[in-house]
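*Asks:* Quick one: structure below, then a few questions.
The values are calculated or read from the model by the stated rules, or taken from the named source; none is laboratory data. Small disclaimer: the values here were computed from a predicted structure and weren't measured. Every residue, glycine among them, receives a Cβ derived from its backbone with ideal geometry; neighbour counts consider all protein chains shown.
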Amino acid sequence: MDKTEIYYFSGTGNSLYVAKELQKRIPEAELLPIVSLLDQDVIKTNGKNVGFVFPVHALTIPIVVKRFLKKTDFSSAEYIFAVTTRGGSIFRGFEEIERILKKKSKRLDAHFILNMGMNDPKPKGYKCPTSDEILKMELVINEKLDLIQKIILNKEVSREEDSEYLIEFGYNPVINSILEKLVIGV
């Protein structure tokens, strides 16, 4: 089995949870915290499979993750994947990762979005989930992690598109569209 390195950045703990769950599901997987590596001039991967797990920040990848990607030598990587967690925002960051990797003659083979809880219990437009809704969300997340595991182990190409998650949970699509245009210029 090829060695897998999972680099993670987590604020609320959702991304750390996902990284740990993937480590349990993927033989010979090693977890590496991104923040602890940023002082290095060049970060060198050692795994044949390399993945990143991180939360959505301002509709894209966190600045910390972007710095990490730019500093990293991916020459060992034969398969690269990314998993992002979110609590209700649009995500357009995989394109940014692709641009960074392309400059290093690499590509993002697979990427996934996991919808998870938020750390702010009362943001505008957000209905706090009930215990039953949280249990359902956990079941869906674990089922999706099982699917992600299979895709990674088989080194499949998988590029998940963003979903209608925001509309399902009561967000205003018009406001989200305006925010998206302001923040990322789409």
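*Asks:* Can you tell me which residue is farthest from Leu38 (Cα to Cα) among those in the range 86-98 that are among the hydrophobic types (A, V, I, L, M, F, W, C) and outside any loop (DSSP other than H, G, I, E, B)?
*Replies:* Taking the candidates together, the pick is Phe94.
*Asks:* Taking Ala77 as meeting all but one of (1) in contact with a strand residue (DSSP E or B) (Cβ under 7 Å, 6 or more places away or on another chain); (2) surrounded by 15 or more Cβ atoms within 10 Å (Cβ to Cβ); (3) not in a loop (DSSP other than H, G, I, E, B), write down the number of the exception.
*Replies:* Here Ala77 meets the rest and fails (3).
*Asks:* With the requirement that a residue be part of a loop (DSSP other than H, G, I, E, B) and crowded, with 19+ Cβ neighbours inside 10 Å, what does the range 1-28 give you?
*Replies:* Phe9, Ser10, Ile26
*Asks:* Return yes when Asp109 is buried (at least 18 other Cβ atoms within 10 Å of the Cβ) and among the acidic types (Asp, Glu) and no when it is not.
*Replies:* Yes, satisfied.
*Asks:* I've got another one for you. Quick one: which of Ile61, Ile34 is of a type outside the set (Lys, Arg), over 18 Å from Lys150 (Cα atoms) and in contact with a Lys or Arg (Cβ under 9 Å, 6 or more places away or on another chain)?
*Replies:* Ile34
*Asks:* Moving on. If you go through the range 99-155, how many residues are modelled with pLDDT of 85 or more, more than 14 Å from Ile80 (Cβ to Cβ) and part of a loop (DSSP other than H, G, I, E, B)?
*Replies:* The total comes to 1.
*Asks:* Would you mind finding the one in Val64, Val50, Val83 that is assigned to a helix (DSSP H, G or I) and of a type in the set (Val, Ile, Thr)?
*Replies:* Val64
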